[in-house]
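A.B. asks: Sharing a structure here in structure tokens format.
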Amino acid sequence: MNPYKGIDLLNLDSQFTDDERQVRATIREWVDRAAMPEVESSFNAGSFPVNLVESLADLGIFGAHLDGYGCAGLGPIAYGLMMEELERADSGLRSFASVQSSLAMTAIHEFGSEKQRQLYLPDMAAGKLLGAFGLTEADHGSDAGSMETNAVRIDGGYCINGAKYWITNATVAGIVILWAKLDNAIRAFVVDTSLPGVSREEIHNKLSMRMSVTGGLTFQNVVVTEDALLEGTKSLGSALQCLNSARYSIVWGVNGAAADCLHTTIEYTKNREQFGKSLASFQLVQQKLADMAADLSRSQLLALQLGRLKEQGTLHWSHVSMAKFSNTQTALDIARTCRDLLGAAGITMDFSPMRHSMNLETVNTYEGTRHMHQLILGRHLTGHNAIG
Ligand SMILES: Cc1cc2nc3c(=O)[nH]c(=O)nc-3n(C[C@H](O)[C@H](O)[C@H](O)COP(=O)(O)OP(=O)(O)OC[C@H]3O[C@@H](n4cnc5c(N)ncnc54)[C@H](O)[C@@H]3O)c2cc1C
């Protein structure tokens with residue numbers, strides 16, 4: 001199979017700066033050399049390859065979009081290109097990076113005090129401290145605002161009770177950004193996962209995101225000091241602000257998964273012969289390849305435009321909702337079509353499309369389901385709230 005060189009029918013490369021292209025080249029080389037060889041065994045084992053954490057940190061991926069505190073301070077396009085390359089390997093790898101960076105570190109950077117930033121961010125950028133983001137509960141997913149986890153003030157701090165479920169990195173994180181109700185407002189606390197009263201369990205039997213650890217966290221009379229509260233968090237809107245940063249990384253990331261599927265399938269159909277000819281020479285096959293290339297190109301343009309808006313400071317949540325559901329659906333459709341074009345071989349781990357399509361089922365659901373983002377955009381377009 002020819003090595004991956006990117007799928008760029010619109011010459012979007014010409015839109016990137018030398019620095020952005022260099023960032024992408026560095027991550028692309030690392031993904032091919034170090035990450036790709038880990039994917040099959042990690043996915044089969046249902047575990048995240050923690051041996052990659054150090055190099056992810058050395059590459060400056062953790063908190064790459066943030067300034068100061070040991071973070072790389074990259075622009076939105078370079079950050080997006082990083083996420084695209086990581087997800088080309090596996091959505092679990094991009095999830096790991098984006099939970100650490102866009103969710104946990106962003107929450108502290110955005111809503112923490114200077115003391116909290118100094119305390120946590122340098123270690124998180126260096127990969128010495130891993131973070132999780134605990135918003136979802138078993139009974140409260142899309143409607144996270146109805147969460148039951150709560151904090152009450154006690155002498156010198158807070159006492160927290162509740163449980164979070166479906167939390168990425170739950171069992172490997174040293175801290176969790178825990179969203180809980182305090183005086184009826186949703187606030188976030190930085191909670192050390194080794195504190196008495198915190199228990200964790202891993203969710204097994206996943207058919208999706210197997211190269212990512214997902215789990216539950218229970219908090220029983222967990223006592224934290226006053227400095228655990230992220231004072232800047234005021235409501236569910238604060239959590240959504242972090243999620244918008246993570247959704248931006250999805251908008252780019254899923255294009256990487258889709259590009260990997262398309263590259264794999266173009267190569268496969270050129271080499272596989274049926275009826276005395278390569279699959280690639282059949283019109284129906286070419287029609288599918290052409291449709292997928294056009295769809296992927298539209299998703300790439302959408303990601304680039306979101307990056308430009310973010311650079312200008314005019315990115316709106318409705319843009320992020322639209323691109324999150326649209327690019328994820330496109331990538332999912334591409335992965336499924338590629339699986340089909342690979343025939344029986346496509347159901348094995350020897351080829352990436354079915355693994356990507358299983359992962360993209362999660363991407364379709366987490367950080368706001370497709371429906372929720374459609375409803376958010378629908379509300380923006382019409383002024384009518386059809387969510388609840
Ligand atoms: C692998 C994985 C990792 C995750 N990581 C994290 C994490 O790190 N942190 C975290 O906090 N959460 C995480 N999540 C949770 C994720 O964000 C939730 O699963 C998601 O918000 C959806 O919630 P739910 O699963 O409870 O589905 P539900 O909310 O029960 O939705 C089920 C279905 O009903 C639809 N639906 C719901 N409400 C409406 C409505 N008003 N109108 C129309 N349709 C509706 C949904 O679109 C969906 O199709 C993760 C999930 C997975 C699978």
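Rule-based calculations on the coordinates, nothing more; no lab input. Please read all numbers here as calculations on a predicted model, not as lab measurements. Note that we place each Cβ from the backbone using ideal geometry, even for glycine, and neighbour counts take in every protein chain shown.
A.B. asks: Could you grab me the full set of residues in the range 355-375 that are farther than 17 Å from H319 by Cα, near the ligand (Cβ under 8 Å from one of its atoms) and in contact (Cβ under 8 Å) with a residue 12 or more places away in the chain?
C.D. replies: T362, Y366
A.B. asks: For the range 338-365, give me each residue that is surrounded by fewer than 20 Cβ atoms within 10 Å (Cβ to Cβ), among the hydroxyl-bearing types (S, T, Y) and within 24 Å of A303 (Cα to Cα).
C.D. replies: Within the range 338-365, just T365 meets the criteria.
A.B. asks: Would you please name the residue that is nearest to M211 (Cα to Cα), looking only at residues in the range 141-164 that are within 8 Å of the ligand (Cβ to nearest atom) and not hydrophobic (A, V, I, L, M, F, W, C)?
C.D. replies: K164
A.B. asks: Find all pairs meeting these conditions: Cβ atoms under 7 angstrom apart; at least six residues apart or on different chains; first residue within the range 35-47 and aromatic (F, W, Y); second residue surrounded by 17 or more Cβ atoms within 10 Å (Cβ to Cβ).
C.D. replies: F43/D90; F43/R210; F43/M211; F43/R355
A.B. asks: I'd like to check something: does the range 112-125 contain any residue that is part of a helix (DSSP H, G or I) and within 27 Å of H356 (Cβ to Cβ)?
C.D. replies: No, the range 112-125 has no match at all.
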